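**Q** Quick one: this structure, given as structure tokens, is what I'll be asking you about.
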Amino acid sequence: MYGWVGRILRVDLTTKKISTQEYDADFAIKFMGGRGFAAKILWDEVGPEVDPLSPANKLVVAAGPLTGLPGPSLGKIVVAAKSPLTGGYGDGNLGSAAAPHLRKAGYDAVVIEGRAEKPSYLYIEDGKAEVKDAEDLWGLTTFETERKLKEIHGRGTGILAIGPGGENQVLYANIISQEGRAGGRPGMGAVMGSKRLKAIVVRGTKDIPLADPETYDKIAKECYEDIQSKPNYEFWIRQGTMATLEWCQENSVLPTYNFREGVFEYARLIDGYAMEAMKIERRGCPYCNMRCGNVVIDSERMDSELDYENVAMFGSNIGLGHLGKVAVLNRLADEYGIDSISLGNTLGFAMEATEKGLLKDGVEWGDFKRVKELVEDVAYRRGLGDALAQGVMRLSEKLGGGSERWAIHVKGLEVSAYDCHAAPAMALAFGTSPIGAHHKDAWVISWEVRTDRLGYTEAKVDKVIEFQRIRGGMFETLVSCRLPWIELGFSLEWYPKLFKAATGVSVSLDELFTVGDRVYSLMRAYWVREWGGKWSRSMDYPPARWFEEPLTKGPFKGATLKREGYDQLLSRYYEKRGWDERGIPRRSTLEKLGLGDVADQLQKYTPLTP
Ligand code: SF4
């Protein structure tokens, strides 16, 4: 095989057994890599009997056939496991030098199971791996951990680490690399913590086998030039995703006061221009020539790397109109290894619960000092922080008082930074995202705002599926960053060309999207198997607030989502995906996608529609 290395590293932390699994071209083409490999491995090996925080859960770190090749934005890697936050399939991607190093070390993926007797880290170097002692590292932040490990193993290593959030199993703890690149929102850091695995350190020096290296280099060079020639390139370099904040405010989709409103009175103070005034440098993922990590000096005179999502969630969503303070919260979340989106969402919920008298000694809107204490308490599971560490769904169940109506999550994963009172397609994207409410798979809101804002049309269903096939399918399995395409208009047609030069295999874009369809039905089967007879289409509904409480301000004052309209969108979505009215893949769909064995197993948990 070319492109793929063809080897998966297997590590059992309980027994310290380390082995290598080889796979063939059929497996590679069928599941491609990244999310595809992770979904297949978790389906086969982590069933409903497995507690996500038990040794039997498996952490999958998976690259794809383009990962780590010099080419635009190909320095990312997928981290996946059964999620302790949602109980379903969970994954995320992050940019890290660990991505190219893993492939150059001779592996496409690592699967880690068991639980180490004492704090440990995994060291991988050129075809070998070793579990090493991490007792001196346990308790350190993600930044400190990476620095220490670089002192030991050298600067030229790739490192994935957890902080106190992961160690203490905050249910939305994530994995951090390079002091600011984060991934694995649905608790992948907590899974690492439950295994007493502090970090994965990788060094690889081998060549990744390419079918046609000369052509590959030529195409990659053209890709870089193409990206740099895009009309929006200069502005992207200035603001990156931070430009989204002003756009969200103008279009009334900026999450504000726990997703109560879509506009924030202090938006100007936290937008891309405010960020530019504080910016000192840019950081980013390996091999990227449009690096989007905007580094500012925060109110405590430390570096913090901002993007739109974390600014909206620690800014407008909690009523904090001060970018320097927002940056402090963002840095702390990264240092502790806690997902900033889920944390900002949960804090917003706690503020509303305080306002409504459900939470005594809680936290007021915009109270930076109290929030800062709480972020630390979340990381160390102290007092109210312990309740917040379990996410918004569990906190709402605990508080009662009708708070489930304004607990802003889908399937237990906190909604990311787009208010959908007046955005039905984006609500559908959140509802049907395969990890719970995340924008990664189908960020259709920009298209929706430009076209038919309030309609419930078939075109919206088509757009959500189109984006899921591209973003959640192709990009997550090749493993490549989607931002060159979505932000700068870099053509998708480059990817089959890069793929052919790397692997020697000719594929059309549609064939790449079909891999995405297969993986989507597999991830859906995973969720359904977990829930068995209890699965229902209500799992795909967005939060009740968007249906029930109209916006009170801004250009869409009075708007809510319409239940009947949403249900129609959802039914059409299921139909087009080949799933039944419950949102469960039909047997015929699974068979058509080459997943007949999945159908046979799923049938044991719930009756399948033919
Ligand atoms: S655009 Fe941003 S997220 Fe994407 S690869 Fe570049 S630095 Fe990473």
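**Q** Pick out, from the range 491-610, the helices (runs of 4 or more DSSP H) lying fully within it that include 2 or more residues that are closer than 30 Å to VAL479 by Cα and modelled with pLDDT of 95 or more.
**A** By residue number, 494-503, 509-531, 563-577, 587-592, 596-602.
**Q** Consider only pairs whose beta carbons are under 9 Å apart and that are at least six residues apart or on different chains; among these, list those whose first residue lies in the range 362-390 and is among the hydrophobic types (A, V, I, L, M, F, W, C) and whose second residue is at pLDDT below 95.
**A** Once the first residue is among the hydrophobic types (A, V, I, L, M, F, W, C) and sits in the range 362-390, its partners that are at pLDDT below 95 give LEU384/ASP361.
**Q** Okay, next question. Could you count how many residues in the range 42-80 are in a helix (DSSP H, G or I) and open to solvent by less than 10 Å² (accessible area, probe 1.4 Å)?
**A** Residues that pass the stated criteria total 2.
**Q** Look at the range 229-288 and say how many of its residues are assigned to a helix (DSSP H, G or I), away from the ligand (no atom under 16 Å from the Cβ) and surrounded by fewer than 18 Cβ atoms within 10 Å (Cβ to Cβ).
**A** Going through the range 229-288 one residue at a time, the tally reaches 8.
**Q** Follow-up. Output the residues belonging to the range 106-135 that are farther than 19 Å from SER177 by Cα, in a loop (DSSP other than H, G, I, E, B) and among the charged types (D, E, K, R).
**A** Once the filter is applied, which keeps residues that are farther than 19 Å from SER177 by Cα, in a loop (DSSP other than H, G, I, E, B) and among the charged types (D, E, K, R), the range 106-135 yields ARG115, GLU117, LYS118, ASP126, GLU135.
**Q** Let me ask another. From the residues in the range 150-209 that are touching a Pro at 6+ places or on another chain (Cβ under 6 Å) and not in a strand (DSSP E or B), which one is nearest to the ligand (Cβ to nearest atom)?
**A** Among those residues, the one meeting the criterion is GLY187.
**Q** A follow-up question, please. Is it the case, given these coordinates, that GLY366 is touching a Leu at 6+ places or on another chain (Cβ under 6 Å) and of a type outside the set (A, V, I, L, M, F, W, C)?
**A** Judged against the criteria, GLY366 is a match.
**Q** Follow-up. Among the residues of the range 304-323, what is the count of those that are touching a helix residue (DSSP H, G or I) at 6+ places or on another chain (Cβ under 7 Å) and closer than 21 Å to ARG181 by Cα?
**A** Residues meeting the conditions: 12.
**Q** If LYS440 satisfies every condition in (1) part of a loop (DSSP other than H, G, I, E, B); (2) open to solvent by 10 Å² or more (accessible area, probe 1.4 Å); (3) among the basic types (Lys, Arg) but one, which is the exception?
**A** (2)
**Q** Is it true that LEU329 is within 16 Å of the ligand (Cβ to nearest atom) and open to solvent by less than 10 Å² (accessible area, probe 1.4 Å)?
**A** So LEU329 does not fit the description; no.
**Q** Do we find a residue being closer than 15 Å to ILE219 by Cβ, modelled with pLDDT of 95 or more and open to solvent by 20 Å² or more (accessible area, probe 1.4 Å) anywhere in the range 450-465?
**A** No; the residues of the range 450-465 include none that is closer than 15 Å to ILE219 by Cβ, modelled with pLDDT of 95 or more and open to solvent by 20 Å² or more (accessible area, probe 1.4 Å).
**Q** Which residue, of GLY95, GLY106, is within 14 Å of the ligand (Cβ to nearest atom) and in contact (Cβ under 8 Å) with a residue 12 or more places away in the chain?
**A** None of the other options fit; the residue is GLY95.
The values are calculated or read from the model by the stated rules, or taken from the named source; none is laboratory data. For clarity, every value in this text was computed on a predicted model and none was experimentally measured. Heads up, the Cβs are rebuilt from the backbone with ideal geometry, glycines too, and the neighbour counts pull from every protein chain shown. The area values use the complete protein model at the heavy-atom level, side chains included, leaving out ligands, DNA and RNA. Shrake-Rupley method; radii C 1.70, N 1.55, O 1.52, S 1.80 Å.
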